[in-house]
Amino acid sequence: MLALIRRLDNVVKADALGSKEPDTVDVAVEAKRETDIRRPLFNAMAKAGYPILMMKTMDLTLEDIFLNLITEEKEVS
């Protein structure tokens with residue numbers, strides 16, 4: 001599934017994030033700036049028999065990234 005996603009036009013990166021529900025996998029997909037890959041992603045997954053149960057954008061600001069890094073460092077310490 002990841003290989004299929006990574007082959008789509010305008011996809012920069014795709015990583016599995018684990019599973020929060022049985023028989024599912026969470027995937028983070030990064031697209032090129034100013035591109036919308038939702039429709040091609042949906043079509044490719046549907047054709048391959050992988051239903052998408054949820055899709056959401058994760059536009060992070062520099063502040064969000066900084067806060068995530070700081071939080072992760074505190075949890076590791």
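Among the candidates Glu30, Glu34, Glu21, which residue alone is outside any helix (DSSP H, G or I) and either in contact with a Ser or Thr (Cβ under 7 Å, 6 or more places away or on another chain) or within 16 Å of Leu4 (Cα to Cα) (or both)?
Checking each option against the conditions leaves just Glu30.
A quick yes/no check of all residues on (1) within 14 Å of the chain's Cα centre (by Cα); (2) surrounded by 10 or more Cβ atoms within 10 Å (Cβ to Cβ); (3) at pLDDT below 85:
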{"site": "Gly18", "(1), (2), (3)": "yes, no, no"}
{"site": "Glu21", "(1), (2), (3)": "no, no, no"}
{"site": "Val29", "(1), (2), (3)": "yes, yes, no"}
{"site": "Met45", "(1), (2), (3)": "yes, yes, no"}
{"site": "Tyr50", "(1), (2), (3)": "no, yes, no"}
{"site": "Met55", "(1), (2), (3)": "yes, yes, no"}
{"site": "Glu63", "(1), (2), (3)": "no, no, yes"}
{"site": "Leu67", "(1), (2), (3)": "no, yes, yes"}
{"site": "Val76", "(1), (2), (3)": "no, no, yes"}
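The values are calculated or read from the model by the stated rules, or taken from the named source; none is laboratory data. Owing to the predicted nature of the structure, the values given are computational and were not obtained by experimental measurement. Because the Cβ atoms are built from the backbone with ideal geometry, glycine has one as well, and the counts that use them run over all protein chains shown.
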